[in-house]
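Trainee: Dropping a structure here in structure tokens format, bear with me for questions.
The values are calculated or read from the model by the stated rules, or taken from the named source; none is laboratory data. Source: prediction; values computed, not measured. Virtual Cβ from ideal backbone geometry, glycine too; neighbours counted across all protein chains shown. Note: accessible area is taken over every heavy atom of the protein model, side chains too, but ligands, DNA and RNA are not part of it. Shrake-Rupley method; radii C 1.70, N 1.55, O 1.52, S 1.80 Å.
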Amino acid sequence: MAAQLPPLFELTSKFRSCINMINSVDTAKLPLILIRIAQTLHLKEERSFNEVEQEKLQQVTGLSETDVQLLIDGCSFILEQAAYYNVAANGLAHELKTAGLNQDKCAAFMKVWESEREKIVVDMREQTIQSKVLDSVNWSMHLQMSQTIQSKMKSPSVILEFTTKSSNTNNLEKKLNENENFKIEFNHQQLFDFFQNLDKIQQQLDGLSF
Amino acid sequence: MEETTFFGRTIPSEVKQLSGIITQLEQNQYRKAIQCVIEVFKSSQNSISDQQFLTLAKTAKCPQRAFAALYTAIYFILRFAIRNKVKIEDFEATLTLLELPPPFIADLKKAYQASRPTIESLAIERRARQPQLTQLKWRIDVIISTNLLNRAMKPLIMLQIYLDDGSIKTFEISIDKFHELRFNISRILRDLDDLEKLPILKIE
């Protein structure tokens, strides 16, 4: 029963002032703001509106600078909570109404959440704390014909080039985070052993079910 | 009548000179030289060091210049033969053509036959290569929740690759990339199989 679960939004004084701010905004403009916020929700370090855009928003809504920031923060928080618990659109509307948001604003939230929900959750799942993520694997296959002390060899070999990307999006470290490339060479037997290892991993993956 | 030797179109001058001096040398002298050449091939040195050469010349009781010519000629003959995988009959035929003394030819032939498999396998081991994989460690994680999502339920694979140049590469792979990797590798293996069946590879 919905009554048993704790409310999604704890009514702190700051949250209440956010609600009031959202209530005061023109309903027609709200969905656009929300969609914009939804696009960068999964990236903690990036702002949804840069400075220029934030000024424009001030002019459009007629609010002061702090009020606009409050508005953006409030909407972001609502969407983050909704994503964290992956609530249904109805559930979200209900919770917002209980928190004191006007009906038309609740409807606006519900509509945006319905359309953006899946993408937000998928983007959030992609986020990882680990430093290096495999980006791509390139390969080339060679036939070595001769070398310094031996000619007329016919020896096939495969070179795999792994490109890893750092998933750390901290702006300070961005310059240090370059793609790292390393190459590994295999002959037929070695590649086959590698493939068998990958098969073992696959078997384990198949065993997972949830 | 022109007969081709296993040297190709022209016989190296170092080898041509051999027939002049070889008649003056005794068997135990050139035997030592042959042994030494074979040892150099087997070791990772590219050529004999000056020290070794001088001691060898002394023990063979041979004047240095003659010995140098002898050593160089033997080195050339054996190097050519091994690199081009010359058949033993052709080897013998060419040496006879060069008018070298029969006991010398017999010694060279024996040395060639005996050392050939070892040297060929050493060649394969020592060629210039990119780093190779010595060990692979892996694990599968399932991310249950993060600061962004209460129920994330995302499986993740971590690989740790040990390479023979000493470096260790650790990274994670998402499930999609893993499937892509596995697919590509199975495709490469199939291409390798096709390649090895091609007739061109069967020519020895």
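Trainee: Counting only residues that are basic (K, R) and open to solvent by 30 Å² or more (accessible area, probe 1.4 Å), give me the helices (runs of 4 or more DSSP H) lying completely in the stretch A:28-132 with at least 2 of them.
Mentor: Details: elements: A:30-39, A:51-61, A:65-85, A:89-99, A:103-126.
Hits in the stretch A:28-132: A:103-126.
Trainee: Which residue pairs have Cβ atoms under 6 Å apart, sit 6 or more places apart or on different chains, and have a first residue in the stretch B:124-135 that is under 10 Å from A:I159 (Cα atoms) and at the interface with chain A (Cβ under 7 Å from one of its Cβ atoms) and a second that is open to solvent by 80 Å² or more (accessible area, probe 1.4 Å) and assigned to a loop (DSSP other than H, G, I, E, B)?
Mentor: Going by the 6 Å Cβ cut-off, the qualifying pairs are B:P131/B:D164; B:P131/B:D165; B:Q132/B:D164.
Trainee: Follow-up question, since we're still on this one. Within the set of pairs 6+ apart or on separate chains, which have a first residue in the stretch B:22-40 that is open to solvent by 80 Å² or more (accessible area, probe 1.4 Å), a second that is part of a loop (DSSP other than H, G, I, E, B) and modelled with pLDDT under 75, and C-beta atoms under 7 Å apart?
Mentor: Here the result reads B:K32/B:A60, each pair linking the stretch B:22-40 to a residue that is part of a loop (DSSP other than H, G, I, E, B) and modelled with pLDDT under 75.
Trainee: Going through the stretch B:68-104 one residue at a time, which ones are away from chain A (no Cβ under 14 Å) and of a type in the set (G, A, S)?
Mentor: B:A68, B:A69, B:A73, B:A93
Trainee: Condition check: more than 7 Å from every other protein chain (Cβ to nearest Cβ), in contact (Cβ under 8 Å) with a residue 40 or more places away in the chain, surrounded by fewer than 16 Cβ atoms within 10 Å (Cβ to Cβ) and within 30 Å of B:E14 (Cβ to Cβ). Does B:P117 satisfy that?
Mentor: Numbers: more than 7 Å from every other protein chain (Cβ to nearest Cβ): yes; in contact (Cβ under 8 Å) with a residue 40 or more places away in the chain: no; surrounded by fewer than 16 Cβ atoms within 10 Å (Cβ to Cβ): yes; within 30 Å of B:E14 (Cβ to Cβ): yes.
In short, no.
Trainee: Determine whether the stretch B:178-201 contains at least one residue that is more than 7 Å from every other protein chain (Cβ to nearest Cβ), surrounded by fewer than 17 Cβ atoms within 10 Å (Cβ to Cβ) and not in a helix (DSSP H, G or I).
Mentor: Checked the stretch B:178-201: at least one residue is more than 7 Å from every other protein chain (Cβ to nearest Cβ), surrounded by fewer than 17 Cβ atoms within 10 Å (Cβ to Cβ) and not in a helix (DSSP H, G or I).
Trainee: Within the stretch B:120-137, count every residue that is of a type in the set (D, E) and either in contact with a Phe, Trp or Tyr (Cβ under 7 Å, 6 or more places away or on another chain) or open to solvent by 80 Å² or more (accessible area, probe 1.4 Å) (or both). Show your work before the answer.
Mentor: Going residue by residue through the stretch B:120-137, those that are of a type in the set (D, E) are B:120, B:125.
With either in contact with a Phe, Trp or Tyr (Cβ under 7 Å, 6 or more places away or on another chain) or open to solvent by 80 Å² or more (accessible area, probe 1.4 Å) (or both) added as a condition, the list becomes B:125.
Here the count works out to 1.
Trainee: Can I ask one more? Consider only pairs whose beta carbons are under 8 Å apart and that are at least six residues apart or on different chains; among these, list those whose first residue lies in the stretch B:142-155 and is at the interface with another protein chain (Cβ under 7 Å from one of its Cβ atoms) and whose second residue is among the hydroxyl-bearing types (S, T, Y) and in a loop (DSSP other than H, G, I, E, B).
Mentor: Between residues of the stretch B:142-155 that are at the interface with another protein chain (Cβ under 7 Å from one of its Cβ atoms) and residues that are among the hydroxyl-bearing types (S, T, Y) and in a loop (DSSP other than H, G, I, E, B), the close pairs are B:R151/B:S145; B:A152/B:S145; B:A152/B:T146.
Trainee: Among the residues of the stretch B:117-142, how many are over 20 Å from A:F192 (Cα atoms) and in contact with a helix residue (DSSP H, G or I) (Cβ under 8 Å, 6 or more places away or on another chain)?
Mentor: Of all residues in the stretch B:117-142, those over 20 Å from A:F192 (Cα atoms) come to B:117-123, B:126-128, B:140-142.
Filter again for in contact with a helix residue (DSSP H, G or I) (Cβ under 8 Å, 6 or more places away or on another chain), leaving B:118-120, B:122, B:140.
Count: 5.
Trainee: Return the residues of the stretch A:105-125 that are at the interface with chain B (Cβ under 8 Å from one of its Cβ atoms) and touching a residue at least 40 places away in the same chain (Cβ under 8 Å); say none if nothing qualifies.
Mentor: Let us first name the residues in the stretch A:105-125 that are at the interface with chain B (Cβ under 8 Å from one of its Cβ atoms), namely A:121, A:124-125.
Across the stretch A:105-125, the qualifying residue is only A:M124.
Trainee: Something else now. Can you tell me which condition B:E99 does not meet? The list is (1) more than 22 Å from the chain's Cα centre (by Cα); (2) loosely packed, with under 15 Cβ neighbours inside 10 Å; (3) at pLDDT 80 or above, and all the others hold.
Mentor: The failed condition is (3).
Trainee: Then there's this: Give the residues of the stretch B:41-57 that are among the aromatic types (F, W, Y) and open to solvent by less than 20 Å² (accessible area, probe 1.4 Å), sorted by residue number. Walk me through how you get there before you give the answer.
Mentor: Quick first cut of the stretch B:41-57, residues among the aromatic types (F, W, Y) only: B:41, B:53.
The answer is B:F41, and nothing else.
Trainee: Right, something else. A:E10 versus (1) outside any loop (DSSP other than H, G, I, E, B); (2) of a type outside the set (V, I, T); (3) more than 19 Å from A:V112 (Cα to Cα): which is the lone unmet condition?
Mentor: (1)
Condition check ((1) at pLDDT 90 or above; (2) open to solvent by 70 Å² or more (accessible area, probe 1.4 Å); (3) within 29 Å of the chain's Cα centre (by Cα)) across all residues:
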{"residue": "A:D135", "(1), (2), (3)": "no, no, yes"}
{"residue": "A:Q144", "(1), (2), (3)": "no, no, no"}
{"residue": "A:M153", "(1), (2), (3)": "no, no, no"}
{"residue": "A:T163", "(1), (2), (3)": "yes, no, yes"}
{"residue": "A:S166", "(1), (2), (3)": "no, no, yes"}
{"residue": "A:N179", "(1), (2), (3)": "no, yes, yes"}
{"residue": "A:E185", "(1), (2), (3)": "yes, no, no"}
{"residue": "A:Q203", "(1), (2), (3)": "yes, yes, yes"}
{"residue": "A:S209", "(1), (2), (3)": "no, yes, yes"}
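Trainee: In the stretch B:158-173, which residues are at the interface with chain A (Cβ under 7 Å from one of its Cβ atoms) and farther than 29 Å from B:A128 by Cα?
Mentor: Those that are at the interface with chain A (Cβ under 7 Å from one of its Cβ atoms) and farther than 29 Å from B:A128 by Cα: B:E172, B:I173.
Trainee: Answer with yes or no whether B:I157 is open to solvent by less than 30 Å² (accessible area, probe 1.4 Å) and part of a strand (DSSP E or B). Can you show your working first?
Mentor: Values: open to solvent by less than 30 Å² (accessible area, probe 1.4 Å): yes; part of a strand (DSSP E or B): yes.
Spelling it out, B:I157 is indeed open to solvent by less than 30 Å² (accessible area, probe 1.4 Å) and part of a strand (DSSP E or B).
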